[in-house]
Amino acid sequence: MLSFLYKEGPFTRGIFRRSANAKSCRELKEKLNLGAEVHLACESIFVTASVFKDFLRNIPGSIFSSQLCDKWVSVMDRGNHEEKIKDIQRLIEQLPRANVVLLRYLFGVLHSIEKQSEDNQMTAFNLAVCIAPSMLWPPAPSSPETESKFTKKVSILVQFLIENCCRIFGEEISTLFGDILIRCDNREDGSGNICFIHISLTQPVRRFSTFLGRLLLSTHIICPSKILPNVHKCVHKHALSLSQ
């Protein structure tokens with residue numbers, strides 16, 4: 001799913017912002033939960049993006065970890081630009097390895113979309129507004145006003161992460177997906193002709209072919225009730241290939 005969003009997202013206007021058909025989203029989630037074979041090319045990309053956001057919202061404690069909630073929402077209030085980057089890197093180091101790997105791929109997707117923002121209209125700000133509520137939420141129910149302020153802070157954080165993801169996660173974030181066919185034109189529905197433009201694989205990505213790689217790059221990543229526990233059980237054994 002992430003590789004599909006990486007390929008199609010940058011060339012789709014309003015990706016992650018435009019609403020998707022609720023019935024189509026429900027049907028796609030049902031197929032994935034049943035382990036059925038899914039061809040994302042036959043689905044609306046807006047459905048795919050919506051289902052992925054739903055996956056993020058269902059990660060227990062959020063992808064940023066509710067235990068670090070206060071630190072995340074305050075990180076943008078302290079220090080200069082460089083200090084913010086270092087503080088964020090220290091917080092990322094405290095996350096479970098599974099969360100870190102997923103964050104790297106997610107921000108690889110968001111970075112690739114933001115680079116084409118002149119065409120797809122999805123700047124780092126717009127992307128952050130759309131996806132931040134799915135990445136971190138208050139640990140306890142609060143008033144609408146408090147939740148609104150909280151969401152705004154998370155959006156600022158996510159925008160900063162998108163704009164500085166190469167510094168935070170490393171330059172290789174732009175090549176995590178290896179060989180990808182890049183679309184020539186820009187259509188609102190994500191359709192169009194495909195140019196055969198080759199993006200070379202980096203050496204770490206060549207070795208990233210274990211269970212975790214199949215998990216992150218397959219369509220079945222969006223079944224949190226079945227897949228997420230397997231991530232935490234297997235990630236420590238297989239994710240080391242990222243850094244070897």
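Here are the numbers for this structure:
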item	result
From the options Leu106, Leu95, residue that is modelled with pLDDT of 95 or more, outside any helix (DSSP H, G or I), closer than 26 Å to Asn58 by Cβ and open to solvent by less than 60 Å² (accessible area, probe 1.4 Å)	Leu95
Unmet requirement for Thr123, which otherwise passes all of (1) open to solvent by 60 Å² or more (accessible area, probe 1.4 Å); (2) over 24 Å from Leu28 (Cα atoms)	(1)
Some residue of the range 39-60 being open to solvent by 80 Å² or more (accessible area, probe 1.4 Å) and without any contact (Cβ under 8 Å) to a residue 12 or more places away in the chain	yes
Subset of the range 1-51 [over 18 Å from Glu114 (Cβ atoms), at pLDDT below 95 and under 14 Å from the mean Cα position of the chain (by Cα)]	Met1
Of residues in the range 1-38 being more than 24 Å from Phe107 (Cβ to Cβ) and charged (D, E, K, R), the one surrounded by the fewest Cβ atoms within 10 Å (Cβ to Cβ)	Glu37
Residue tally, condition open to solvent by less than 100 Å² (accessible area, probe 1.4 Å), under 25 Å from the mean Cα position of the chain (by Cα) and closer than 19 Å to Asp77 by Cβ, over the range 140-156	8
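Residues checked against (1) touching a Ser or Thr at 6+ places or on another chain (Cβ under 6 Å); (2) in a helix (DSSP H, G or I); (3) not aliphatic (A, V, I, L, M):
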{"residue": "Arg17", "(1), (2), (3)": "no, no, yes"}
{"residue": "Ala20", "(1), (2), (3)": "yes, no, no"}
{"residue": "Glu27", "(1), (2), (3)": "no, yes, yes"}
{"residue": "Lys31", "(1), (2), (3)": "no, yes, yes"}
{"residue": "Val38", "(1), (2), (3)": "yes, no, no"}
{"residue": "Ser50", "(1), (2), (3)": "no, yes, yes"}
{"residue": "Lys53", "(1), (2), (3)": "yes, yes, yes"}
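The values are calculated or read from the model by the stated rules, or taken from the named source; none is laboratory data. As the structure is a prediction and not an experimental result, all values here were calculated from the model. Using ideal geometry, Cβ is built from the backbone for each residue, glycine included, and neighbour counts are taken over all protein chains shown. Note: areas computed on protein heavy atoms with side chains; ligands, DNA, RNA excluded. Shrake-Rupley method; radii C 1.70, N 1.55, O 1.52, S 1.80 Å.
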